[in-house]
Amino acid sequence: MNQLLDVCDTWDLTLSTDDTLHSKLYALEPLGIGTSDIESLTSYMARLAGAHSVSLRTLAIQETLPLLKCDYLSNPRGNSLEAFWLEATRALNGTGSLAKDWVHALECLTLRTDLRFLTLLPWAAVLTQQRLLRSTRSWCPDCFMEWQAAGLPIYEPLIWNMSAVSVCVHHQRPLMAQCPHPDCQAILPVLASHFRPGYCSKCLRWLGVVPDHPAPSLITEQWHWQIWVAEAVGKLVAQNMNSTLMPHLGNIPDLVSAAREQTADGSMQNLAEKLQLSRRTLNAWLLGRQVPQLESIMRLCYFCGVSPYDLLSAQPGELSFDELDVHSLPNIPNPAKNRRNRIRFDTVHLRQKLDAVLVCEEKPLPSMRVVAKRLNHSPRELREHFPELCRAISNRRKSFYKNRSEEKLEQQKEQIRQAVLEIHSQGEYPNWHRVDLVLNESGMMRNPILGKIWRDMLQELNLTD
């Protein structure tokens, strides 16, 4: 026997007590952190789906929606998720509860703690959600081409989602909002089931293409304004991760007062005309009663020569408004002027109209959405003021369709009975296929209720074993 045996190290078979948590999804690193080109949350979601080689729809249905308790969005029989992509997903990059909920879900899945900075949540205290974000995608094709040529990841910055921003400051060009391929030309939603940064979600082709037709020309003052806004907004989002950031509205009343005295002879109406805003809005800011819209804040800051970041983040008393560096605003379209004029809510008149709908002979009764449109009010307003009437109209409409469905079912039952008797009288066996051929409506026999009628008829005729 060989006595020269090698001595081997002994293995430590003790179970590890390492409590390190492991994320369910990859802890993908967000792009552009700390810069004006910080990635948007919607872009991050798409890249996260791509990292797992699944579609965004699959990632949402299998991982995100269960945490959000929004299983209704993943109903395979409906288009709830597609409607959500179209109508609500822009808010994922914003300042509201939807952004908070999706950030929390994605941070639970990835174990990251910095995803809130891919939204405007850090500025929630000073920015209203009204007209804050675009409802459709916009992008700079030159940025896409530049990143592709350098072998860098393709993503979509948060700033491209903001309504106030319409140009790329890096390439001094307007952002695009329509697929550049002539046979597509689609206006794209912020998210889609197969959304992929840098690619059209309709035709799936590369968006880093400059279209043949030139962009609309702008006068120098308008171009200077748009570049200034893009740079100012870029500075805001670049500070998202600033741990000392405590945004507030305390400086706005002082700036409005200074602008009124120095530029408008103490008249709020004159100042409103110079800013192309309403006097009511400026008075609300002066009294601290309204959270401003981002584009309106940009007007005030540009006119007064003040940095929006400084205005919203500097402590009260730190900024001096004694001598404003005034810049006249170019002719800027005011989105508030395009709003529908508010219609007076006449309770007595509307109750009479709803009563008339309830007793009218129209069959079926119109839906509450149609009724609200006819009355120039929203369904929500009508339900809030007349819940019983609205419920009665909806119930009568449902009852109509229920009765019509029952009547149709009885007619179909009788058609099957007559078909079975007709085939049997001709000396043939009324099997499923023959009966289906005789019926006026193809596929009727697939209805389990009607199939039972056919079997009952066979029993009545003693044609079953």
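Bear in mind these aren't lab numbers, they're just calculated from the coordinates by the rules spelled out. Model, not experiment: these values are computed from the prediction. With ideal geometry, Cβ positions are generated from the backbone for all residues, glycine too; neighbour counts draw on all protein chains shown.
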*Of Ser399, Met444, Met457, which is farthest along the charge dipole of the range 367-462 in the positive direction, counting Lys and Arg as +1 and Asp and Glu as -1 at C-beta?*
Ser399
_Electrostatic dipole magnitude of the chain [Cβ: Lys, Arg +1; Asp, Glu -1; Cα centre; debye, to 20]_ = 2280
*Give the peptides 306-314, 81-89, 38-46 in descending order of average Cβ contacts within 10 Å, highest first.*
38-46, 306-314, 81-89
*Within straight cross-link reach of Lys274, meaning Cα distance under 16 Å, which lysines are found once same-chain residues fewer than 8 apart are removed?*
Lys337
*Name the residues whose placed amide hydrogens come within less than 5 Å of the amide hydrogen of Met162, ignoring near sequence neighbours (fewer than 5 apart) on the same chain.*
Arg134
*With a ≥ b ≥ c the root eigenvalues of the C-alpha gyration tensor of the range 248-333, is it rounded (a/c under 1.5), prolate (a/b larger than b/c) or oblate?*
rounded
*asked:* Between Ser80 and His181, what's the calculated FRET efficiency when r is the beta-carbon distance and R0 is 35 Å? Round to 0.05.
replied: 0.75
*List Leu98, Leu67 from most exposed to least, where exposure is judged by having the fewest other Cβ atoms within 10 Å.*
Leu67, Leu98
*Compute the long axis of helix 252-263 from its Cα atoms, compare it with the longest principal axis of the Cα atoms of the chain, and write down the angle in degrees, 0 to 90, nearest 10.*
60
*Quick one: grab the alpha carbon gyration tensor of the range 87-144, order the square roots of its eigenvalues as a ≥ b ≥ c, and give me rounded if a/c is under 1.5, else prolate or oblate depending on whether a/b is larger than b/c.*
oblate
*Which whole-number percent is the relative contact order of the chain (Cα, under 8 Å, 6+ apart)?*
12
_Taking the number of other C-beta atoms within 10 Å as the exposure measure, put Cys301, Cys203 in order starting with the fewest._
Cys203, Cys301
*Distance from the Cα centre of the range 351-398 to that of the range 83-103, in angstrom?*
30
_Can you give me the C-alpha center-to-center distance between the range 111-152 and the range 227-301, rounded to a whole angstrom?_
23
*Among the aspartates and glutamates, select those whose C-alpha is under 13 Å from the C-alpha of Lys235, and discard any that sit fewer than 8 residues away in the same chain.*
Asp37, Asp310
*With a ≥ b ≥ c taken as the square roots of the eigenvalues of the C-alpha gyration tensor of the chain, please select rounded if a/c is under 1.5 and otherwise prolate if a/b is larger than b/c or oblate if it is not?*
oblate
_Students often forget the sequence filter, so: which lysines lie under 17 Å Cα-Cα from Lys398 once same-chain residues fewer than 8 apart are removed?_
Lys363, Lys408
*asked:* Only counting other Cβ atoms within 10 Å, I'd like Ile393, Ile227 sorted with the fewest neighbours first.
replied: Ile227, Ile393
